[in-house]
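The values are calculated or read from the model by the stated rules, or taken from the named source; none is laboratory data. Please read these numbers as outputs of a predicted model, since none were measured by experiment. Glycine gets a Cβ as well: all are built from the backbone with ideal geometry, and neighbour counts include every protein chain shown. We work out accessible area using only protein heavy atoms, side chains counted, and drop any ligands, DNA or RNA first. Shrake-Rupley method; radii C 1.70, N 1.55, O 1.52, S 1.80 Å.
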Amino acid sequence: KPDAALALAAGLRREAVACCGVSEEVALNFLRKQDLEASLFEEGINLVVCRGAALGFVKRIGGRVDNMYPNSLRILK
């Protein structure tokens, strides 16, 4: 399970993990830890990217997406 801080690391090799570029709306849902559409992501671990900036990781398991963003950092409003 990758640490959330790894997504923000400057030296992260993005070719080592599936990257998924998302819209601002989906990025905000990710940062709020709301439900995400499974069809946006590949099976397994994915790096969520918006406008070229890495935000964190999700794990797709079949038709379900587990948001791996830390609860302590989520947007509450």
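See the values below:
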{"read-out": "Of residues in segment 51-76 being over 21 Å from Ala9 (Cα atoms) and of a type in the set (Val, Ile, Thr), the one least open to solvent (accessible area, probe 1.4 Å)", "value": "Val65"}
{"read-out": "Subset of segment 1-33 (residues that are free of Cβ contacts under 8 Å to residues at least 12 places away in the same chain and within 19 Å of Ile75 (Cβ to Cβ))", "value": "Ala5, Glu25, Asn29"}
